[in-house]
Amino acid sequence: MGKLLRKPKVAIVLVVFLVVFIIGLAGGALGDKFGGGFLGSPLPHLQLAAEKVTAEPQFPGFTVTNTMIATWVAIAVLGILTFFATRRMTEVPRGLQNLFEAVIEYFIHLAETIAGHERARTFLPLVLTIFLFIVTANWLGVLPGFGTIGRVETADQIIHHAEEKAEKDGEAANLATIELHVFDGDGGVAVQSFGSVGETITAEEYEHDGIEEGKRAGILVPFLRSANTDVNTTLAIALIAMVMVHWWGLRTLGAFNHLGKYFSFKRGAIWFMVGILEAIGEVARIISFTFRLFGNIFAGEVLLAAMAFLLPLIGIVPFLGLELFVGLIQAFIFSMLTLVFAASATASHGAEGH
Amino acid sequence: MEALGINLPGLITQIVSFLILFGLLWMVLYRPITRMLDQRSAKIKESLETAEKVREESAKSKADMQKQIDAARTEGQALIAQAREVADRFRDEELAKARTEIQAARVRAEADIKRERDAAIEDLRREFAGMAVSAAEKIVERSLDKNTHKDLIDKVLKESSTVRRS
């Protein structure tokens, strides 16, 4: 250890790390209590539902949300990568072609060990699409710019919404509990700025005192938010996965055999109950699919936001690595479970006994 | 549902987006890559089979060559054996011929020797007879008629030759 410290490179790295750590500690939320807090940003406004990108709907009943944009970004990124990977294919693979070939070959082998040679090719496209989409969306979600650049929903709008809602419920709006952030300037786009840890006011204060010139109060609505932090996205993938699983089941076993797993009348009451439980299990699979992915990625976002709030600059670094890992693992779990469900749905009862 | 953010337009948008991605990846990624993988594995299989065939052929030609070498070796050995046999026979024949010639020469020499000896004996006898007659004439000092004399000498000689030969 002492020998290692005497090496100049190691010593420099260590000193830089310590300095950054101390600056982060003083500049973050912890330092804010002792007169610091020059680097921190306020804890972002966290909500489960995806935020609408514009205040007014683009079409009647439809507003683009930030997770939709993230989904399309992920699709565009995948489209561009795969286009360049397969544009000029060579017998000896290089670069992107090599990467995608390795991934596809890995999944082909996996699918062949689980579902056998014939069915592997049937399941492969869906399983791979699920994997590639989820992993791309998750990895894009930790990039800078996700969750920090957006429009500001103004204090007036927020107060208006709160009062409307309160009126509907027959209560008075409690403006003291609504916390607003303070932003510089007044353009269409706002960025969560450094050194604004303490710069929050409640809606009540805003109503009473207003705000100083050149600043605005409100809540940042980011333009981009990791696609899988929206239940709609994960539910959509789960529904597609389970619909395809049952479609394959119907096609290989026939409607009678496949539905017979869930509605069996011939073998008595116990088997009937087992069938009902199986049917409930299928619904449970959709729910677990949906919320496993959503929960993991949303928790990751919250974790990153909290670390950026507590210890800016450096606190986020190990957790970024963790989030990359979690994003990969969740994508793998989702696709693997789809594969396993598909394999078991297409296996006849006789084969299942082995 | 509302609190979780689940809503039908959002859900439908995500489903459609995912299906678009599915179609896109199918066209741009799976079809070309799986085709390439299959093509490559077919090629590898083919070249492995070719290699196997080449190996078999080389083994076969090696065996052929070995067989030819073996054949040549046996042929050579047969030739050597034959040559040796011929040489042996030639030697035996020459030996026998030489032996016969020697034998014949010896027989001839013996016959010559015998003839010479007989001739010598005859000469000796003749000389001896004359000497004996003259000696006897001198001893007895009487003259016998020539014929009686010769008979007497022949008789004596015959007796003496039979005695000596026996």
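All of the numbers you see were taken from the coordinates with simple rules; none came from a lab. What you are looking at is a predicted structure, and each value in this text was computed from that prediction instead of being measured. Neighbour counts are summed over all protein chains in view; Cβ atoms, including those assigned to glycine, are modelled from backbone coordinates with ideal geometry.
Quick notes
- Kirkwood Rh (inverse of mean 1/r, distinct Cα pairs), the range A:1-85, angstrom: 18.0 Å
- Inter-chain neighbour count for A:43-56: the average number of beta-carbon atoms from partner chains within 10 Å of each residue's beta-carbon is 1.
- Peptide B:16-27 is shielded by partner chain Cβ atoms: per residue, an average of 6 of them sit within 10 Å of its Cβ.
- GNM result for chain A, Cα springs below 10 Å: residue of A:Lys168, A:Lys52, A:Lys33 fluctuating most strongly: A:Lys168
- The length gained on full extension between A:Ile286 and A:Trp271, counted as 0.36 nm times the residue separation minus their Cα-Cα distance, comes to 3.1 nm.
- Take each residue in A:132-138, count the other chain C-beta atoms within 10 Å of its C-beta, and the mean is 1.
- Neighbour counts of C-beta atoms inside 10 Å place A:Ser344, B:Ser41 in the sequence B:Ser41, A:Ser344, starting with the fewest.
- Each residue of the range A:320-335 is assigned a 3J(HN,Hα), and the resulting list reads 4, x, 4, 5, 4, 5, 4, x, 5, 5, 5, 4, 5, 4, 4, 5 Hz, derived from the Karplus form 6.51 cos²θ - 1.76 cosθ + 1.60 (θ = phi - 60°), x at Gly and Pro.
- Taking the fewest neighbouring Cβ atoms within 10 Å as the starting point, the ordered list for B:Ile33, A:Ile280 is A:Ile280, B:Ile33.
- Relative compactness, the range B:9-165, computed as alpha-carbon Rg over 2.2 N^0.38 Å: 3.97
- For the pair the range A:101-176 / the range A:48-75, the C-alpha centres are spaced 12 Å from each other.
- Phi angles across the range A:64-71 convert, under the Karplus curve 6.51 cos²θ - 1.76 cosθ + 1.60 with θ = phi - 60°, into 3J(HN,Hα) values of 6, 9, 5, 6, 4, 4, 4, 4 Hz, Gly and Pro given as x.
- Within a straight-line Cα-Cα reach of under 27 Å, B:Lys45 can be paired with the following lysines, leaving aside sequence neighbours fewer than 8 residues apart in one chain: B:Lys53, B:Lys60, B:Lys62.
- The alpha carbon centroids of the range B:41-64 and the range A:1-35 are separated by 65 Å.
- Angle between chain B longest axis and helix B:146-165 axis [Cα atoms, degrees, rounded to 10]: 40 degrees
- Percent RCO, i.e. relative contact order, over chain A, from Cα pairs under 8 Å lying at least 6 residues apart: 26 percent
- Summed side-chain charge close to B:Glu52 - residues other than B:Glu52 whose Cβ falls under 11 Å, Lys, Arg +1, Asp, Glu -1: -1
- Counting neighbouring Cβ atoms within 10 Å and putting the fewest first, the residues B:Arg89, A:Arg225 line up as B:Arg89, A:Arg225.
- The share of alpha-carbon pairs in the protein assembly as shown lying farther apart than 40 Å comes to 57%.
- Nonlocal amide H pairs with A:Ala190, under 5 Å, H built at 1.01 Å: A:Gly150, A:Arg151, A:Val152
- Charged-residue dipole, Cβ positions (Lys, Arg, Asp, Glu), chain B about Cα centre, Debye nearest 20: 140 debye
- Working note: 222 nm ellipticity from helices only, DSSP H runs with n ≥ 4, each -39,500 (n - 2.57), summed and divided by the residues of the protein assembly as shown, gives -25500 deg cm²/dmol to the nearest 500.
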